[in-house]
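Structure first, commentary second.
The values are calculated or read from the model by the stated rules, or taken from the named source; none is laboratory data. Just so you know, these numbers come straight off a predicted model, no measurement behind them. Counting neighbours? That spans all protein chains shown, and the Cβs are built from the backbone with ideal geometry, glycine included. In case anyone asks, the SASA skips ligands and DNA or RNA and just uses the protein heavy atoms, side chains included. Shrake-Rupley method; radii C 1.70, N 1.55, O 1.52, S 1.80 Å.
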Amino acid sequence: EAGDSLRALNAVAVTVGPGAFTGIRIGLAAARGIGLAADIPVVGVTTFAAVAEAVAATERVNRRLLVLLDSKRGDVFVQEFSPERVAIASPTILSPDAVLHRLASGSFILAGDGIAVIRSHLDAASPDVAYSVVNGPADACWVAQLGARSIADGTGLPPTPLYLRAPELRLSPAIAVASNTTASNR
């Protein structure tokens, strides 16, 4: 859309997750391909950080920030940040009831598309929360801004996926042994 060529790029920023398995893999592969073709670095940004970056300072005053991402399975991916947007807890997966329990410990501003998953639970329980205007998925502009800043200060993440849920499909032991045997014979 910008009308620039690959030569105009000096880096590529990509979300590493959490999110849909296939979407993350496709996004990472595309970013790595662009980086390889343009001979530029590729830096990863968590979806949590990209959503947190979009929440205005006026919304965060005296409130911790809880980023909620829809896992598409009835629960939410969650990470807590200080009012200054510094991560203060590791990313995790929580049920709506577990989110309510966590919110009982203080005053929060909620952001991300996971708000829709737990909104009815929150309205019924009335915890001390406010809802950010940032209530959708991560925006590419914030990913780019975070990527540029992390390259400049040397804090960038590698472009590898952040999965919070173990894979549901596993190779059967017979297939795994056959795959390892075939690989070692090469």
Restricting segment 19-52 to residues that are touching a Lys or Arg at 6+ places or on another chain (Cβ under 9 Å) and modelled with pLDDT of 95 or more, which is least open to solvent (accessible area, probe 1.4 Å)? Ala52
Could you list, in sequence order, the residues of segment 22-44 that are part of a helix (DSSP H, G or I), touching a residue at least 12 places away in the same chain (Cβ under 8 Å) and β-branched (Val, Ile, Thr)? Ile24, Ile34
Any chance Gly44 is of a type outside the set (Lys, Arg) and under 16 Å from Gly147 (Cβ atoms): yes
Here the residues within segment 87-121 that are touching a residue at least 24 places away in the same chain (Cβ under 8 Å), closer than 14 Å to Asp70 by Cβ and assigned to a strand (DSSP E or B) are Ile93, Leu110, Ala111
So which residues in segment 61-74 are without any contact (Cβ under 8 Å) to a residue 60 or more places away in the chain, under 22 Å from Asp128 (Cβ atoms) and open to solvent by 20 Å² or more (accessible area, probe 1.4 Å), if there are any at all? Val61, Asn62, Arg64
All but one of (1) more than 30 Å from Ala8 (Cα to Cα); (2) open to solvent by less than 20 Å² (accessible area, probe 1.4 Å); (3) at pLDDT 95 or above hold for Ala57; state the number of the condition that does not hold. (2)
Checking Val51 against (1) among the aliphatic types (A, V, I, L, M); (2) closer than 14 Å to Thr15 by Cβ; (3) assigned to a strand (DSSP E or B): exactly one of these is not met. Which one? (3)
